[in-house]
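The values are calculated or read from the model by the stated rules, or taken from the named source; none is laboratory data. What you are looking at is a predicted structure, and each value in this text was computed from that prediction instead of being measured. Glycine also receives a Cβ, built like all others from the backbone with ideal geometry; neighbour counts cover every protein chain displayed. Side chains are part of the model used for accessible areas, which takes the heavy atoms of the whole protein and leaves out ligands, DNA and RNA. Shrake-Rupley method; radii C 1.70, N 1.55, O 1.52, S 1.80 Å.
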Amino acid sequence: MPETSRRRRVAMLCAGAAAAVAVAVPAVTAYAAGGAAPAKPGASISTHPAKGSKPATPQVSVTPYTPPNVPNGVTPTAATTITPSAHFSVQVDRTGKKPMDATWPSASEVFTLAELRQVLPELTAVKATQCRQGTLPGGGSTKKSTECTLALTITGEPDDDRSQLMINIRGFGLPQQIGKQWSADLVAAQRRSSIRPGLYTFFANNSLGVAAAYTDGTTTKVLLQHGDVAGEIWFSGIGFTTLSSDYLESRKLYRTAIVPALVQLLGAKFTDTEKAAA
């Protein structure tokens, strides 16, 4: 091949290579603009995570629940402040799929002897009986005791008619999950109260250190919410007929003195909660 033709062919090959490089550059630049560092010359770009690294967990925001306001909500002004013996450190799953019930309190430990004696000075013993575990309202299950009867020994009460507190943990979870059921139950309770108004007391929201609470005179329902965690606990008082010399006055004292104090205690015990797990 003549020298002139050979030089012309080499020049054409070099120009073609340069054009190929120029086409490849914009693709790398666009990828870098999406958040990746520019690739080094000769380096390959991998879409797989580095060895030993964990894939990023998508973050799910936790939305607080605001309970409906109740008309003529009562704000107790003289509820006894009970010093808690311990706190509930409950944790929940951000996705709402795992109960994480290992962090829940047991129904047997919701109220302790030391706590109850602060409103029942004649109380000498508390014994948890008839504890049950298993299915939760709305589905799911737990190995923790969600129902227990606390048999109380109060000086002056006959042995065959002892006062009792029946505890029912309805569940813990994300605020919107727990709140949905609370809203539905509240509507039903308000409908019943219109038929028998003398039995129900609806406490003003946040008035006792809890998100909401109401009672039908026997069963008290308490909505707890702190940070990313919400829960619902019910308790029923059976007996309590010797708080004064008069039966009706004793039951009134239970509703107006014992109930608000125990509601406020639940709020105080629930303040030590953890954030939802990723």
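Do we have any residue at all in segment 206-221 that's at pLDDT below 95, in a helix (DSSP H, G or I) and more than 24 Å from the chain's Cα centre (by Cα)?
Within segment 206-221, none of the residues are at pLDDT below 95, in a helix (DSSP H, G or I) and more than 24 Å from the chain's Cα centre (by Cα).
Scanning for something surrounded by fewer than 16 Cβ atoms within 10 Å (Cβ to Cβ), in a loop (DSSP other than H, G, I, E, B) and acidic (Asp, Glu), does segment 249-261 turn up at least one residue?
Within segment 249-261, none of the residues are surrounded by fewer than 16 Cβ atoms within 10 Å (Cβ to Cβ), in a loop (DSSP other than H, G, I, E, B) and acidic (Asp, Glu).
Give the residues of segment 165-176 that are within 24 Å of residue 84 (Cα to Cα) and surrounded by fewer than 18 Cβ atoms within 10 Å (Cβ to Cβ), sorted by residue number.
Result: 166, single match.
For segment 210-245, which residues satisfy the criterion of being farther than 21 Å from residue 181 by Cβ, open to solvent by 30 Å² or more (accessible area, probe 1.4 Å) and not polar (S, T, N, Q)?
Hits for segment 210-245 are 238, 243.
Can you tell me which residue among 141, 108 is within 28 Å of residue 188 (Cα to Cα) and touching a strand residue (DSSP E or B) at 6+ places or on another chain (Cβ under 8 Å)?
141
Determine which member of the set 149, 135, 112 is more than 17 Å from the chain's Cα centre (by Cα), open to solvent by less than 80 Å² (accessible area, probe 1.4 Å) and free of Cβ contacts under 8 Å to residues at least 24 places away in the same chain.
Unique residue meeting the criteria: 149.
Give the residue, chosen from 161, 185, that is of a type in the set (Asp, Glu), more than 17 Å from residue 98 (Cβ to Cβ) and loosely packed, with under 12 Cβ neighbours inside 10 Å.
After ruling out the rest, the residue left standing is 161.
May I ask you to list the residues in segment 268-278 that are buried (at least 21 other Cβ atoms within 10 Å of the Cβ) and either at pLDDT below 85 or under 14 Å from residue 203 (Cα atoms) (or both)?
Of everything in segment 268-278, those that are buried (at least 21 other Cβ atoms within 10 Å of the Cβ) and either at pLDDT below 85 or under 14 Å from residue 203 (Cα atoms) (or both) turn out to be 273, 276.
Tell me, yes or no, whether segment 99-108 has at least one residue that is touching a Lys or Arg at 6+ places or on another chain (Cβ under 9 Å), in contact (Cβ under 8 Å) with a residue 12 or more places away in the chain and among the β-branched types (Val, Ile, Thr).
no
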